[in-house]
Every structure is written in structure tokens, then in C-alpha cells.
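One structure is given below, encoded as C-alpha cells.
Every number in this text was worked out from the coordinates using simple rules, so none of it is lab data. Every value quoted in this text rests on a predicted model; they were computed, and no experiment measured them.
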Amino acid sequence: MNTLTNSYVDFFQKSIIPLPSADIENSTISYSHWLIAIEGHLEKKRKYSWRVAVYPSSEVGSFNWNELVYQSESFDSFNAACAHARETEAEYKKAI
């Protein structure tokens, strides 16, 4: 993961979703929410790729890069990554 975090060019926090109460009670970490983000990576030849990532988070969006919960495949377009972020957000909201 460290090699990926070093190559981030863009990072957009899309949404913060409360964890289901059962997950909070069973957790050993002090996070209460999921942070859904879109991450931009600069590939070779100055080409961007985009991924959707989910991290455990506080209610104000504080999170640890090393605690990645989910990472999508790479998208060539920002719009495709945004669409997948909306789908991911809907899936995580279903669990509430």
C-alpha cells in the first residue's frame, strides 16, 4: 500500500457513512464511519487512473491510509469512478 499512497495525485472524499452499530460494538478500532473516496493515480506517460476506496473513519473524516477496507479496480475515466463510488456508497448504506 505504501507504494500506492506515494503516487496519489488526487484524493476526493466523497462521503462519510455511519457504521452499523453491531460493527462499532465488535470493533477494536475507534472508528464509527466509512469514508468513501476517489483516488487518482498518475500512471506512466502522464495518464491518470482512478479507483474507489473505502477506509474506516471518524465522523469528521479522519482515517488511516493503512487501514484500507476496499479498493476497486482502476478506471480510465473520472466519471466511471464517480459512478462506481455512488454504487459503493449505496451498498454501504444498505448495511446501516
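The table for this structure:
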read-out: Fully extended contour minus Cα-Cα distance, from Ser58 to Lys45, at 0.36 nm per residue; value: 1.0 nm
read-out: Segment 25-75: C-alpha gyration tensor shape, a/c 1.5 cut-off, then a/b vs b/c; value: prolate
read-out: Nonlocal amide H pairs with Ser32, under 5 Å, H built at 1.01 Å; value: Ser57, Ser58, Glu59
